[in-house]
């Protein structure tokens, strides 16, 4: 039976230490998790017994996380290291990665962020240097790394190296605004970079006033990249067959695809209320959203009839992360979730374009 991995968790907040220890112990590898509330205690534990991974906070009294990492890099060069902090400062990220850490994450708050955090830690515990992937998240693709930057609403420059090729992706509040690689710029560059399967990445400070050349949402870009990967895999495994009949119609693109490419769109669902059939993209729990749409739309329509207010045209809702726009039309309903960062006015302008595309 393989030996259980050992994690050392460093934070000056005792309640957080216990919370994160409980979370990490639920990993599939059932790691042994030791805790330390000070840098001195952490170094003493590292000197007394072997560990597979150190996860450190940055903002601590006396000896902060960067000072601890400096000592650890010198004394224990083979130890995996990760930073988990509430300091959303690009300069700290750059300094930490320059010191050779494997992963920099903001402290997770939502279930989705916690899930991502645990997956990243698990990948570090069993990472081999020769594995495909990107530095810091070896079992993850570049699409996962970009998703992390988007979820944390980062403003930074992601420098990606693939052999002799170097590329950059500019983020502003979690949205990709520009990209360049040796062959191209803008959205074609994003697609080219996302096709790389291995390499190294570095997070650099944000660049102010960078001109925007990418208008498709992060989720739309990732969807395009995923489709391109699927098509490439299908082409590799397909066997030669008879030539296609020129008169045969080409395979139709999903009707949701054009909707997901508008800036700020994070998910889309269309619902046939009579048949209770839903089609969705980017929705974490489609069944639950479909149920909510059916109930809420019916209630609003009933209220409109009671008040003699006329036909229900549109309603909006706010969640902790998203601005929802819902449009019923002829027995069907469109629901789209937007990133709230651009503001309500900009979201409504994009929603008008999205509805026009849907109705067309």
Revision key, fill the gap. Residue count, region 146-164, condition without any contact (Cβ under 8 Å) to a residue 40 or more places away in the chain and more than 17 Å from residue 225 (Cβ to Cβ), comes to 2
Revision key, fill the gap. Note on region 259-282: residues more than 24 Å from residue 187 (Cα to Cα), assigned to a loop (DSSP other than H, G, I, E, B) and in contact (Cβ under 8 Å) with a residue 24 or more places away in the chain are 273, 274
Check your understanding: Among the residues of region 149-169, is there at least one that is more than 19 Å from residue 95 (Cβ to Cβ), modelled with pLDDT under 80 and in contact with a helix residue (DSSP H, G or I) (Cβ under 6 Å, 6 or more places away or on another chain)?
Key -> yes
Review point. Of all residues in region 8-17 being crowded, with 16+ Cβ neighbours inside 10 Å and assigned to a loop (DSSP other than H, G, I, E, B), which is modelled with the highest pLDDT?
Key: 11
Check your understanding: Scanning for something at pLDDT below 80, buried (at least 21 other Cβ atoms within 10 Å of the Cβ) and either within 12 Å of the chain's Cα centre (by Cα) or part of a helix (DSSP H, G or I) (or both), does region 126-143 turn up at least one residue?
Key -> yes
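Can we say residue 351 is within 23 Å of the chain's Cα centre (by Cα) and in a helix (DSSP H, G or I)?
Numbers: within 23 Å of the chain's Cα centre (by Cα): yes; in a helix (DSSP H, G or I): yes.
Judged against the criteria, residue 351 is a match.
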Practice item. Could you look through region 35-47, keep only residues that are surrounded by 13 or more Cβ atoms within 10 Å (Cβ to Cβ), in contact with a helix residue (DSSP H, G or I) (Cβ under 8 Å, 6 or more places away or on another chain) and not in a strand (DSSP E or B), and pick out the one that is modelled with the lowest pLDDT? Key: 39
Revision key, fill the gap. Of the residues in region 48-74, those that are free of Cβ contacts under 8 Å to residues at least 40 places away in the same chain and in a helix (DSSP H, G or I) come to 48, 66, 67, 69, 70, 71, 72, 73, 74
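What residue, of 5, 50, is crowded, with 20+ Cβ neighbours inside 10 Å, farther than 27 Å from residue 204 by Cα and either in contact with a helix residue (DSSP H, G or I) (Cβ under 7 Å, 6 or more places away or on another chain) or not assigned by TED's automatic domain parsing to the domain that holds residue 200 (or both)?
On the way: 50 fails: crowded, with 20+ Cβ neighbours inside 10 Å.
The match here is 5.
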Review point. Is it true that some residue in region 299-319 is closer than 30 Å to residue 216 by Cβ, assigned to a helix (DSSP H, G or I) and at pLDDT 85 or above?
Key: no
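The values are calculated or read from the model by the stated rules, or taken from the named source; none is laboratory data. Predicted model, so just to flag it, every value in this text is computed and none were measured. Using ideal geometry, Cβ is built from the backbone for each residue, glycine included, and neighbour counts are taken over all protein chains shown.
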